[in-house]
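One structure is given here, and the rest of the page talks about it.
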Amino acid sequence: MNVSVGERWEGFVETVVKSGRYGSASEVVREGLRLVEEREVKLISLRDTLNASIAARGEHDADDVRSHLTRVSEELNRSKKLSASPRLSDVSQKRSG
């Protein structure tokens, strides 16, 4: 399989391989695919939960609701922290610039 990722991603891949974090561009791509797969599994689980809730007419006890909201809140906080952090390629450009 031959995949074109564009200049931005090529630079990122080169940076993480040069850093020693990954041994090759293929390893970086496999890790990215693993993360996409993980997200898809979570999405399927969320859809299943939603469908079960609809089937139960949305009737859940307070502990279920609190637990779910806590999980969602924690995931959102992690996502915000990741999106707020500088990109590795941006950091390496500042160092070399």
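Contact annotation: residue pairs with Cβ atoms under 9 Å, 6 or more positions apart or on different chains, pairing a residue in region 1-19 that is under 15 Å from residue 31 (Cα atoms) and free of Cβ contacts under 8 Å to residues at least 60 places away in the same chain with a partner that is surrounded by 10 or more Cβ atoms within 10 Å (Cβ to Cβ) and acidic (Asp, Glu), are 17/27.
Listed here are the residues, each with its yes/no results for (1) at pLDDT 80 or above; (2) on the phi < 0 side of the Ramachandran plot; (3) surrounded by fewer than 10 Cβ atoms within 10 Å (Cβ to Cβ); (4) of a type in the set (Asp, Glu).
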residue: 10; (1), (2), (3), (4): yes, yes, no, yes
residue: 17; (1), (2), (3), (4): yes, yes, no, no
residue: 28; (1), (2), (3), (4): yes, yes, no, no
residue: 72; (1), (2), (3), (4): yes, yes, no, no
residue: 76; (1), (2), (3), (4): yes, yes, no, no
residue: 91; (1), (2), (3), (4): no, yes, no, no
residue: 95; (1), (2), (3), (4): no, yes, yes, no
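Counting the residues of region 33-71 that are over 30 Å from residue 1 (Cβ atoms) and out of contact with any helix residue (DSSP H, G or I) (no Cβ under 9 Å at 6 or more places or on another chain) gives 20.
The values are calculated or read from the model by the stated rules, or taken from the named source; none is laboratory data. Here the structure is a predicted model, which means the values were calculated and not measured. Counting neighbours? That spans all protein chains shown, and the Cβs are built from the backbone with ideal geometry, glycine included.
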